[in-house]
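For reference, the structure discussed in these notes is given below.
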Protein chains: 2
Amino acid sequence: MATESKKDWILMATARSPTNIAVVKYWGKRDEALILPINDSISVTLDPSHLCTTTTVAVSPNFDRDRMWLNGKEISLSGGRYQRCLREIRSRAGDVEDEKRGICIGKEDWGKLHVHIASYNNFPTAAGLASSAAGFACLVYSLAKLMNVREEQGKLSAIARQGSGSACRSLFGGFVKWEMGKVLKCTKDSAGSDSIAVQLADEQHWNDLVIIIAVVSSRQKETSSTTGMRESVETSPLLHYRSTEVVPKRILQMEEAIRTRDFPSFARLTCADSNQFHAVCLDTSPPIFYMNNTSHRQVPHSFIVTNWFFRIISFMEKWNRFEGTPQVAYTFDAGPNAVLIAPNRKVASLLLQRLLFYFPPSTDTELKSFVLGDQSIVKDAGIATKEDIDALPTPPEVKDNNASAQKFPGDVSYFICTRPGKGPVLFTDEDQALLHPSTGLPK
Amino acid sequence: MATESKKDWILMATARSPTNIAVVKYWGKRDEALILPINDSISVTLDPSHLCTTTTVAVSPNFDRDRMWLNGKEISLSGGRYQRCLREIRSRAGDVEDEKRGICIGKEDWGKLHVHIASYNNFPTAAGLASSAAGFACLVYSLAKLMNVREEQGKLSAIARQGSGSACRSLFGGFVKWEMGKVLKCTKDSAGSDSIAVQLADEQHWNDLVIIIAVVSSRQKETSSTTGMRESVETSPLLHYRSTEVVPKRILQMEEAIRTRDFPSFARLTCADSNQFHAVCLDTSPPIFYMNNTSHRQVPHSFIVTNWFFRIISFMEKWNRFEGTPQVAYTFDAGPNAVLIAPNRKVASLLLQRLLFYFPPSTDTELKSFVLGDQSIVKDAGIATKEDIDALPTPPEVKDNNASAQKFPGDVSYFICTRPGKGPVLFTDEDQALLHPSTGLPK
């Protein structure tokens, strides 16, 4: 093979993938190994300029084993999920030729070549911000590019799915549906091949939506989603009904709401599904409390987190009720962070004003490190300094109710203003690579 | 009629009725006016010597209108629920003769005679301790005795049910099932006549059970059960499945667990059903948080209450897991108070030791006002002074986990140690009457 002749080359590919937030939740697997879900789910892909994973994958005859660095720290690739993704991609690898560098790799060679992987999240890992979704989507996408895998995006999503279920939804921008696939397993090979992500609409379809994420804690969550799902599937009588009766109807309603940009329906479905997901966790034996961090009760913070979940919901519900029609949709994944969605910039600035009124920064927090992401929303909200936050008026919906007008400085670590975004992209500029082009080690 | 001749007499009856705690919950009505539930429920009647309502009803030709005093304060009887109970009882009244006092009331006279009612709870009203259950059970029972209603207890339970659904279960001691009755409404008159309480086993059947109630707050709860139920029936997709599929199976399993005194099954079913009830509340739009007092967030106490719900559950689950088999069952109604059930006195003393370890009294609270009810449990737990509480060792299940070994003084207002108890009783001794025998007014 060509690689025999010349051994000092390194071939690299660098890609960026978005994270996503489910508006119809994925909760429960029918096959643990293949990560086949018990119901369809729908997500919004978040703008990668605010939340994304960047991954560089490199291959070289000089590499003696597969290695990976996550946020600069080397981690083990021995886990079944990484192994499965690597195997699936390698088995689909194509021929690669780089004439001017004299590199020629035959599809049969990939099995003998080791890879180096460097991955970086521009947001806290495992804080309930779907870092594994962006991570595995980016790993599979960049490897597919490096190894010249000629599969459509849907097929790649089925591979990313085996790394982390929700990762399959991060292979597309805009609004994405993860189809659970046939409930009955097919032959060994094709098993789960129909459990793929499909794009419902791209990021331009409903581009006036604004998404504000309230990050409450960047602590790693106590019950992993994998464990939680398994316990729910095994013990929650309500989950089976949710997955077979409630979700199929909701999926159709959500698809229609997205197609017609019907925000009130979109908001009602999003909030109801988030609450039902947490209801199923509570129906699990023993109950799972993602809206509560009981194992961290020694830090005062956990007291805040606990209340915060209920408080943010009641504030948003109060506003929606006051206006008579939903102004904002809220959704929570397996963690305390809230994702709030407004129909347009105008309402988003009213939302941000409310969020900053109720949850101002603690005295030692700078405004610029408190509201991240799209600063134009902050500008629209008329917030230029922390004094502007102090000066925010009491929202009319709580004017006559002092109890609700209370403020909770420090409850929120920071806000991220973002929007629906595009899917994975490949970087051509080598400067953006996370691995050194000559050593193949992290820069 | 005899009452014409001699008008200065007062006829009285005084009774005491227990409260009850549901182990398979009632949540949701199929008929609001008649209070017909959407599923069967099962409860344990609590020993009236610790939690009960005492009611004196009096009738006299001198009374110019129906009047009622609750805990010494006069309240209106105009409410539909009181009116319905009074009408139902009057329509079933029989002849009463008191020869030595020369009183003779024909069944036709009752419609013209007014009643005075005095009722007293020996525990906080509307603090989630089912005061309305004990109250309406006692009202109906005492009126039935006064007016010589010759109906079996089941028929009386159908009347109490129209005052407060769960009141029907307080007409029996021990373990009680409230049968929802035929789902299809029968003719106007007989509608709901089959939605009655039946005794599964008396208080002697499983008399080694010990029940400890942790009272967290005696505040009136913010969302009334009536409103909450209606919202759940209207908006929770999971409630319909719970009532039609989950509960019917649980009822059979719970009846069997009670029949065979199978505590592990009893505990698992009780905990699972309590959690599912709160899950359905969370699945309601907008969600109902009985495990959280968001509207009282201005008092620091609400922070404690919030966490407390999750904390007590995780402590109990941790203990059960550690022992490998359920030591304790927990259940929460539409309020933050926890009801904990232990299989016998030995385990109950271990339970009380744990509860006092985690939730000691605040410095200004006396032991005797902190642990109420059956003091022999306190004695078994080796607790004679507050110093004994401070000296309690860390429970073995949390020894290796400092986070869980934290203490929360003041979280619990007080504990009540009790047991399964008997149904309503009539007092013959006039001294126990709450109304003055000559004036018919509260003593």
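The values are calculated or read from the model by the stated rules, or taken from the named source; none is laboratory data. Remember, predicted model here, so these are calculated numbers, not experimental data. Here the Cβ positions follow ideal geometry from the backbone for every residue, glycine too, while neighbour counts run over all protein chains shown. Protein only, heavy atoms only, side chains kept; ligands, DNA and RNA dropped before computing areas. Shrake-Rupley method; radii C 1.70, N 1.55, O 1.52, S 1.80 Å.
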Quiz item: Non-local amide H neighbours of B:R30 (under 5 Å, H modeled in plane, Pro and chain starts lacking H): which ones?
Solution: B:L36, B:I38
Practice problem: Taking H placed 1.01 Å from N in the peptide plane, check which residues at least 5 places from B:L435 or on another chain put their amide H under 5 Å from its amide H. | Solution: B:K443
Quiz prompt | Cα centre as origin, Lys/Arg/Asp/Glu Cβ charges: the protein assembly as shown dipole, Debye | solution = 460 debye
Quiz item: Per-residue ellipticity at 222 nm for chain A, helices alone: DSSP H runs ≥ 4 residues times -39500 (n - 2.57), over residue total, nearest 500 deg cm²/dmol?
Solution: -9500 deg cm²/dmol
Quiz item: Between B:L252 and B:K346, what FRET efficiency comes out of the Förster formula 1/(1 + (r/R0)^6) with R0 = 22 Å and r the beta carbon distance, rounded to 0.05?
Solution: 0.15
Self-check item: Dipole of the protein assembly as shown, positive end: most advanced residue of A:N207, B:L70, B:T439 [Cβ charges, Cα centre]
Solution: A:N207
Quiz prompt | Chain lengthening between A:F408 and A:R87 when straightened (0.36 nm per residue, less Cα-Cα) | solution = 110.6 nm
Self-check item: the protein assembly as shown, accessible surface, carbon-and-sulfur percent (1.4 angstrom probe)
Solution: 52 percent
Quiz item: Which whole-percent values make up P(r) of the range A:301-443 when all C-alpha to C-alpha distances are grouped in 5 Å steps starting at zero?
Solution: 2, 8, 16, 19, 18, 12, 6, 6, 5, 4, 2, 1, 0, 0
Exercise. Please give, to one decimal in nm, the separation of the simple spin-label points placed at B:S193 and A:K443, each 7 Å out from Cα toward the Cβ.
Key: 8.6 nm
Quiz item: Over all pairs of distinct alpha carbons, what does the Kirkwood formula give as the hydrodynamic radius of the range A:71-214, in Å?
Solution: 16.7 Å
Exercise. Taking every pair of Cα atoms in chain B, average 1/r, invert it to obtain the Kirkwood radius, and report Rg/Rh to two decimals.
Key: 0.99
Quiz item: By how many nm would the segment from A:K112 to A:R150 grow when fully extended, if each residue of separation counts as 0.36 nm and the alpha-carbon distance is taken off?
Solution: 11.7 nm
Quiz prompt | Kirkwood-based Rg to Rh ratio, the protein assembly as shown, C-alpha trace | solution = 1.06
Quiz item: B:V23's amide H: which non-local residues (gap 5+, or another chain) put their own amide H closer than 5 Å, with H modeled 1.01 Å from N in plane and none for Pro or chain starts?
Solution: B:I42, B:S43, B:V44
Self-check item: Probe 1.4 Å, accessible area per residue of the protein assembly as shown, Å²
Solution: 38 Å²
Quiz item: Once the Cα gyration tensor of the range B:1-142 is diagonalised, what are the square roots of 5 times its eigenvalues, in whole Å and ordered largest first, as equivalent ellipsoid semi-axes?
Solution: 31, 17, 14
Self-check item: Mean projected area (nm²) of the alpha-carbon convex hull when the range B:132-215 is viewed from all directions
Solution: 6.9 nm²
Quiz item: Short version: ³J(HN,Hα) in whole Hz for each residue of the range A:41-49, in order, from phi by Karplus 6.51 cos²θ - 1.76 cosθ + 1.60 (θ = phi - 60°), x for Gly and Pro, what are they?
Solution: 9, 10, 9, 10, 7, 8, 3, x, 5
Self-check item: In Hz, Karplus ³J(HN,Hα) per residue of the range A:356-369 (6.51, -1.76, 1.60; θ = phi - 60°; x = Gly, Pro)
Solution: 6, 5, 6, 10, x, x, 6, 4, 8, 9, 6, 4, 5, 9
Quiz item: When only alpha-carbon atoms count, how far does the range B:374-443 stretch along each of its three principal axes, as whole angstroms with the largest first?
Solution: 65, 24, 21
Practice problem: Would you mind giving the mean number of other chain beta-carbons within 10 Å of the Cβ of each residue in B:280-291, as a whole number? | Solution: 6
Quiz item: Calculated FRET efficiency, B:D388 and A:R261, Cβ-Cβ r, R0 60 Å, to nearest 0.05?
Solution: 0.35
Exercise. Kindly provide the pair-distance distribution of the range B:210-418 built from C-alpha pairs, with 5 Å bins from 0 and whole-percent values in order of increasing distance.
Key: 1, 7, 14, 17, 19, 17, 12, 8, 4, 1, 0
Quiz prompt | Test item: Cα-centred dipole of the range A:210-418, Lys/Arg +1 and Asp/Glu -1 on Cβ, debye | solution = 140 debye
Practice problem: Name the residue, out of A:V215, A:V198, A:V398, whose mean-square fluctuation peaks in a Gaussian network model built on chain A with Cα pairs under 10 Å. | Solution: A:V398
Quiz item: Taking springs between alpha-carbon atoms closer than 10 angstrom, which of A:P360, A:P248, A:P393 fluctuates most in the Gaussian network model of chain A?
Solution: A:P393
Exercise. List the accessible area buried at the contact between B and A, summed over both sides and calculated with a 1.4 Å probe, in Å² to the nearest 100.
Key: 3300 Å²
Practice problem: In debye, nearest 20, what is the charge dipole magnitude of the range A:332-419 about its Cα centre with +1 on Lys and Arg Cβ and -1 on Asp and Glu Cβ, if you could check? | Solution: 280 debye
Quiz item: Can you tell which of A:P326, A:P420, A:P61 shows the greatest fluctuation in a Gaussian network model of chain A with Cα springs below 10 Å?
Solution: A:P61
Quiz item: For the range B:420-435, what does the Karplus curve 6.51 cos²θ - 1.76 cosθ + 1.60, with θ = phi - 60°, yield as ³J(HN,Hα) per residue in whole Hz, taken in order and with x for Gly and Pro?
Solution: x, x, 8, x, x, 10, 9, 8, 8, 6, 4, 4, 7, 5, 8, 10
Quiz item: What does the average come to when, for each residue of peptide A:269-276, you count the partner chain Cβ atoms lying within 10 Å of its Cβ?
Solution: 4
